[in-house]
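Asker: Following this message is one structure expressed as structure tokens.
The values are calculated or read from the model by the stated rules, or taken from the named source; none is laboratory data. Computed from a predicted structure; not experimentally measured. Virtual Cβ from ideal backbone geometry, glycine too; neighbours counted across all protein chains shown. For accessibility, only protein heavy atoms count, side chains too; no ligands or nucleic acids. Shrake-Rupley method; radii C 1.70, N 1.55, O 1.52, S 1.80 Å.
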Amino acid sequence: MKHSLSPLLHNAAFDAMGLDWVSVGFEVHAGDVPAALASMRALGIAGLSVTTPHKEAAAQSVDELSPLAQALRAVNCIVRHDDRLLGDSTDGEGFVLALRHEASFDPAGKRCVVLGAGGAARAVIRALADAGAARVTVVNRTHERAVSAAAVAGALGRVGSDRDVDEADLVVQATPVGMAGAHGTSGSTESMGVGRPATSGVAENEALVLDPDLLRSGQLVADLVYHPPVTPLLRAAGERGANTMGGLGMLVHQAALAIERWTGTPAPVEEMWRVAREAPRRS
Ligand code: NAP
């Protein structure tokens, strides 16, 4: 939970929107997702933002899935309509918005390589395909998961290897490798409502998921990890002349999209960006 900036972003947005809402983070342990969602109904919580590793369990526990969440079998955003919970996914759209706004990169016609095949990777793979990418190549440690993730892109998806990185216009790092402080087995579900402080964390991982000498100028290298803002891979990519984009933009845009689903009102993205940029310096 420590690694999540989402409550901070949500609350900054609610303040800027003049809404008397509050977002609070909750630690939810494996197996407790159905109970957490039952609490959402019982407590009248309007929306939930779901983080790793609970996105698939959340998809199985809501009453209804958006077509996208159905295709991904993962949910990062839940909206309550009376007693029914609708599961949706804003990660992929948030990533593509970040590409467009923060890196001036349009995926249309581009060759993309995604490193990783988990929930976030699948959302990005689908969003890149929907945005008109020429090809989405999935490179992952576990082959079967790569096959399943590539299928999310339909005819545009394929399974590849590190050798495919050289010809890519966009390389997306979608594993936790390089993330500081917290990841893994406990995870978290965030909610809007009344909460309690929670802690989790493992040692910082300074490893690289890819040999950085495979990266080159003319490429955009995007890392979904947002803490640290410049990951070891992005630093190495920049040193080799590639353009780089950290994970903060995706975090801000997926949170803004979630707020829009919860409130039906456009979110103040600039204010959320301001808070996101300042947050790492405060921690
Ligand atoms: P996940 O579902 O647990 O998937 C993790 C993926 O990373 C799997 O494909 C796994 O490979 C691979 N992986 C894990 N450790 C690895 C290692 N040491 N070497 C090589 N591959 C490894 O996680 P997720 O939900 O997709 O999240 C992935 C990352 O994206 C996390 O750091 C998360 O914080 C970040 N994220 C950021 C945002 C944002 O808004 N910026 C949003 C969502 C997620 P196997 O299949 O072989 O296990």
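Asker: Mind checking the dipole of the range 43-153: about its Cα centre, +1 per Lys or Arg Cβ, -1 per Asp or Glu Cβ, Debye to the nearest 20? Could the numbers behind the result be given before it?
Answerer: Numbers: 12 positive and 12 negative charges, 108 e Å.
For the range 43-153, the charge dipole is close to 520 debye.
Asker: Quick one: helix 248-263 against the long Cα principal axis of the chain, what's the angle to the nearest 10°, folded into 0 to 90?
Answerer: Taking Cα atoms only, the helix is inclined about 30 degrees.
Asker: Would you work out the relative contact order for the range 31-161, in percent, from Cα pairs under 8 angstrom that are 6 or more residues apart?
Answerer: Numbers: 246 pairs, mean separation 22.7, N = 131.
Relative contact order here is 17 percent.
Asker: Using just the helices of the chain, give the 222 nm mean residue ellipticity in deg cm²/dmol: DSSP H runs with n ≥ 4 each add -39,500 (n - 2.57), and the total is spread over all residues, rounded to 500. Walk me through the intermediate numbers first.
Answerer: Numbers: 10 runs with 107 residues, N = 283.
The per-residue figure over the chain is -11500 deg cm²/dmol.
Asker: For the chain, set up a Gaussian network in which alpha carbons nearer than 10 Å are linked by springs, and say which option among 229, 176, 266 fluctuates the most.
Answerer: So, out of 229, 176, 266, the one fluctuating most is 266.
Asker: Determine ³J(HN,Hα), in whole Hz, for all residues of the range 83-92 in sequence, where each value follows from phi through the Karplus function 6.51 cos²θ - 1.76 cosθ + 1.60 and θ = phi - 60°; x replaces Gly and Pro.
Answerer: Rounded to whole hertz, the list is 9, 9, 10, 9, x, 9, 10, 10, 4, x.
Asker: Let me ask you something else. Please list the non-local residues whose amide H lies under 5 Å from the amide H of residue 26, H modeled 1.01 Å from N, same-chain partners needing a gap of 5 or more.
Answerer: 189, 190, 191
Asker: Among DSSP bridges having both ends in the chain, what percentage is antiparallel? Round to the nearest 5. Don't skip to the end; give the middle numbers.
Answerer: Values: 14 of 35 bridges.
Here the antiparallel bridges make up roughly 40 percent for the chain.
Asker: Carbon-plus-sulfur fraction of the accessible area of the chain, 1.4 Å probe, in percent?
Answerer: Details: 6230 of 12220 Å².
In the chain, the share of accessible area belonging to carbon and sulfur is 51 percent.
Asker: Enter the angle in degrees (range 0 to 90, nearest 10) between the Cα long axis of helix 269-282 and the first principal axis of the Cα atoms of the chain, meaning the one along which they spread out most.
Answerer: Tilt of helix 269-282: around 80 degrees.
Asker: Can you list the residues, at least 5 places off or on another chain, whose amide H is less than 5 Å from the amide H of residue 85, using H built in the peptide plane?
Answerer: Residues meeting the criterion, in which the H sits 1.01 Å from N, are 63, 64.
Asker: Separate question: Could you work out which residue, out of 127, 236, 168, moves most in a Gaussian network model of the chain, that is, has the largest mean-square fluctuation with Cα springs under 10 Å?
Answerer: The residue that fluctuates most here is 236.
Asker: Can I ask one more? If you fit an axis through the alpha-carbon atoms of helix 33-43 and take the longest principal axis of the Cα set of the chain, what angle between them do you get, 0 to 90°, nearest 10?
Answerer: Approximately 40 degrees, to the nearest 10.
Asker: May I pose another question? Roughly what would the spin-label model give for residue 166 and residue 104, points 7 Å off Cα along C-beta, in nm?
Answerer: Between residue 166 and residue 104, the label points sit 2.9 nm apart.
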